[in-house]
Amino acid sequence: MKIPCNDSKITSAVWGPLGECIIAGHESGELNQYSAKSGEVLVNVKEHSRQINDIQLSRDMTMFVTASKDNTAKLFDSTTLEHQKTFRTERPVNSAALSPNYDHVVLGGGQEAMDVTTTSTRIGKFEARFFHLAFEEEFGRVKGHFGPINSVAFHPDGKSYSSGGEDGYVRIHYFDPQYFEFEFEA
């Protein structure tokens with residue numbers, strides 16, 4: 001099956017719950033849910049003002065997180081595409097991932113790649129940023145890349161995460177014991 005999409009280029013897509021639909025993010029900032037049987041648009045929302053760079057599902061596929069050039073990552077319900085939470089940064093977000101074990105989301109991004117040569121690593125904001133899922137508050141950062149982070153992913157066991165960057169490296173980060181003991185104070 002081919003699903004035509006002439007209005008705005010698809011920049012990221014994932015299978016929805018039970019494989020009954022495809023959730024697609026667009027260059028325009030729109031999200032569409034397409035029927036896997038007919039190809040028709042089941043749900044359409046526009047919660048981002050700029051391009052969606054990445055979509056990643058939660059382990060149970062009930063929710064997903066988007067990463068956008070509008071400097072935000074957003075959490076959505078997988079069935080209704082209802083917007084749940086927003087995680088804000090000062091730079092474009094290229095990738096976001098949900099922890100399989102905790103109410104945490106990791107964001108990767110940074111300054112646009114074409115502007116990197118004129119910026120120090122401190123100003124470019126090339127660190128992975130951790131937010132609490134419910135409170136939408138940042139609680140940690142991990143440095144290491146010398147350019148924008150293009151992709152982040154939690155290991156399925158939740159004990160580590162990886163990041164891939166414009167600097168040409170994939171970095172695997174194993175969490176310290178303190179990460180597993182950390183409790184967010186509301």
Only one of 24, 73, 36 is of a type in the set (A, V, I, L, M, F, W, C), in contact (Cβ under 8 Å) with a residue 12 or more places away in the chain and touching a helix residue (DSSP H, G or I) at 6+ places or on another chain (Cβ under 8 Å). Can you tell me which?
36
Odd one out for residue 60, checked against (1) touching a residue at least 12 places away in the same chain (Cβ under 8 Å); (2) within 30 Å of residue 158 (Cα to Cα)
(1)
Can you name every residue in the range 113-127 that is modelled with pLDDT of 55 or more and either touching a strand residue (DSSP E or B) at 6+ places or on another chain (Cβ under 9 Å) or open to solvent by less than 50 Å² (accessible area, probe 1.4 Å) (or both)?
113, 125, 126, 127
Please specify each residue of the range 14-40 satisfying the condition of being over 23 Å from the mean Cα position of the chain (by Cα) and among the acidic types (Asp, Glu).
40
Being closer than 27 Å to residue 164 by Cα and out of contact with any His (no Cβ under 9 Å at 6 or more places or on another chain): is that true of residue 57 here?
yes
Residue list for the range 165-186, restricted to those being outside any strand (DSSP E or B) and closer than 20 Å to residue 104 by Cβ:
175, 176, 177, 178, 179, 180, 181, 182, 183, 184, 185, 186
Members of the range 39-71 that are among the hydroxyl-bearing types (Ser, Thr, Tyr) and in contact with an Asp or Glu (Cβ under 9 Å, 6 or more places away or on another chain)
49, 62, 66, 68
Suppose we keep only residues that are over 13 Å from residue 53 (Cβ atoms) and of a type in the set (A, V, I, L, M, F, W, C) within the range 1-13. Which one would you say is farthest from the chain's Cα centre (by Cα)?
1
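For the range 97-112, which residues satisfy the criterion of being part of a loop (DSSP other than H, G, I, E, B) and surrounded by fewer than 24 Cβ atoms within 10 Å (Cβ to Cβ)?
Within the range 97-112, the subset part of a loop (DSSP other than H, G, I, E, B) is 99-103, 110-112.
99, 100, 101, 102, 103, 111, 112, listed by residue number.
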Residue check: is residue 139 open to solvent by less than 60 Å² (accessible area, probe 1.4 Å), in contact (Cβ under 8 Å) with a residue 40 or more places away in the chain and touching a Phe, Trp or Tyr at 6+ places or on another chain (Cβ under 8 Å)?
yes
Output the residue which, of all residues in the range 142-164 that are among the polar types (S, T, N, Q) and within 16 Å of residue 109 (Cβ to Cβ), is least open to solvent (accessible area, probe 1.4 Å).
163
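The values are calculated or read from the model by the stated rules, or taken from the named source; none is laboratory data. Small disclaimer: the values here were computed from a predicted structure and weren't measured. Ideal geometry is used to build each Cβ from the backbone, glycine not excepted, and the neighbour counts take in all protein chains shown. Remember, those area values only see protein heavy atoms, side chains included, never the ligands or the DNA or RNA. Shrake-Rupley method; radii C 1.70, N 1.55, O 1.52, S 1.80 Å.
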